[in-house]
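Undergrad: Before anything else, here's the structure in question.
The values are calculated or read from the model by the stated rules, or taken from the named source; none is laboratory data. Keep in mind the model is a prediction, meaning the values are calculated, not measured. Counting neighbours? That spans all protein chains shown, and the Cβs are built from the backbone with ideal geometry, glycine included. Heavy atoms of the whole protein, side chains included, go into the accessibility calculation; ligands, DNA and RNA do not. Shrake-Rupley method; radii C 1.70, N 1.55, O 1.52, S 1.80 Å.
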Amino acid sequence: QVQLVESGGGLVQPGGSLRLSCAASGSRFSTPAMGWYRQAPGKQRELVASITRSGSANYADSVKGRFTISRDNAKNAVYLQMNSLKPEDTAVYYCNVVPPPRNNWGQGTQVTVSS
């Protein structure tokens, strides 16, 4: 089974930036699409960005214009550049295939935006 490992989160001030990375091990990605999801306390997990195998990206309205998703298929890696961060972006961020399976999630990486 593919293991998904997210990294790059941390504590930043509003307006700051972070770059999240997702590495997969055990198998090459074969799905045509990957995504970044986030889950804030008390809220359901939501898809914030997705990218097809060929590189076409889509974003949730809440992050459009601020976040950029990218991928390196040869490295089985997905990235999320997060700029102009807002407190509302505070959440645990996960990467996974789109659509996601029920029971195959990594530990995620915590992003906290606070002054």
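Undergrad: In the stretch 77-107, what count of residues is obtained for those that are of a type in the set (S, T, N, Q) and part of a strand (DSSP E or B)?
TA: 2
Undergrad: Among the residues of the stretch 44-64, which ones are in contact with a strand residue (DSSP E or B) (Cβ under 8 Å, 6 or more places away or on another chain) and either over 20 Å from Gly8 (Cα atoms) or not aliphatic (A, V, I, L, M) (or both)?
TA: Within the stretch 44-64, Arg45, Glu46, Ser50, Thr52, Arg53, Gly55, Ala57, Asn58, Tyr59, Ala60, Ser62 meet the criteria.
Undergrad: Which of the residues spanning the stretch 55-71 are of a type outside the set (Phe, Trp, Tyr) and surrounded by 13 or more Cβ atoms within 10 Å (Cβ to Cβ)?
TA: The answer is Ala57, Asn58, Ala60, Ser62, Val63, Arg66, Thr68, Ile69, Ser70, Arg71.
Undergrad: So, one more: Within the stretch 45-61, can you find the residues that are among the β-branched types (Val, Ile, Thr) and closer than 12 Å to Cys95 by Cβ?
TA: Val48, Ile51
Undergrad: Here's another thing I want to ask about it. Are any of the residues in the stretch 22-32 modelled with pLDDT of 95 or more, open to solvent by less than 80 Å² (accessible area, probe 1.4 Å), within 17 Å of Asn76 (Cα to Cα) and not β-branched (Val, Ile, Thr)?
TA: There is at least one residue in the stretch 22-32 that is modelled with pLDDT of 95 or more, open to solvent by less than 80 Å² (accessible area, probe 1.4 Å), within 17 Å of Asn76 (Cα to Cα) and not β-branched (Val, Ile, Thr).
Undergrad: Aliphatic (A, V, I, L, M), modelled with pLDDT under 95 and either closer than 23 Å to Arg102 by Cα or part of a loop (DSSP other than H, G, I, E, B) (or both) - does that describe any residue in the stretch 38-47?
TA: No, because not a single residue in the stretch 38-47 is aliphatic (A, V, I, L, M), modelled with pLDDT under 95 and either closer than 23 Å to Arg102 by Cα or part of a loop (DSSP other than H, G, I, E, B) (or both).
Undergrad: Another question, if that's okay. Please go through (1) closer than 20 Å to Val2 by Cβ; (2) hydrophobic (A, V, I, L, M, F, W, C); (3) in contact with a strand residue (DSSP E or B) (Cβ under 6 Å, 6 or more places away or on another chain) for Ala74 and return the number of the only condition it doesn't satisfy.
TA: Going through (1) closer than 20 Å to Val2 by Cβ; (2) hydrophobic (A, V, I, L, M, F, W, C); (3) in contact with a strand residue (DSSP E or B) (Cβ under 6 Å, 6 or more places away or on another chain) one by one, Ala74 breaks only (3).
Undergrad: Would you mind telling me which numbered condition in (1) of a type outside the set (A, V, I, L, M, F, W, C); (2) touching a residue at least 12 places away in the same chain (Cβ under 8 Å); (3) within 16 Å of Val97 (Cα to Cα) Ser56 fails?
TA: Of (1) of a type outside the set (A, V, I, L, M, F, W, C); (2) touching a residue at least 12 places away in the same chain (Cβ under 8 Å); (3) within 16 Å of Val97 (Cα to Cα), only one is false for Ser56: (2).
Undergrad: Could you grab me the full set of residues in the stretch 80-115 that are in contact with an Asp or Glu (Cβ under 8 Å, 6 or more places away or on another chain) and either open to solvent by less than 60 Å² (accessible area, probe 1.4 Å) or under 17 Å from Ser70 (Cα atoms) (or both)?
TA: Met82, Tyr93, Tyr94, Cys95, Gly106, Gly108, Thr109, Val111, Val113 - these are the residues of the stretch 80-115 that are in contact with an Asp or Glu (Cβ under 8 Å, 6 or more places away or on another chain) and either open to solvent by less than 60 Å² (accessible area, probe 1.4 Å) or under 17 Å from Ser70 (Cα atoms) (or both).
Undergrad: Quick one: Gly65 ticks every box in (1) of a type outside the set (Phe, Trp, Tyr); (2) within 14 Å of the chain's Cα centre (by Cα); (3) part of a loop (DSSP other than H, G, I, E, B) bar one, so which box is it?
TA: For Gly65, the failing item is (2).
Undergrad: OK, next. When you look at Ala74, is it surrounded by fewer than 12 Cβ atoms within 10 Å (Cβ to Cβ), modelled with pLDDT under 95 and not in a loop (DSSP other than H, G, I, E, B), yes or no?
TA: Here the answer is yes, as Ala74 does meet what is asked.
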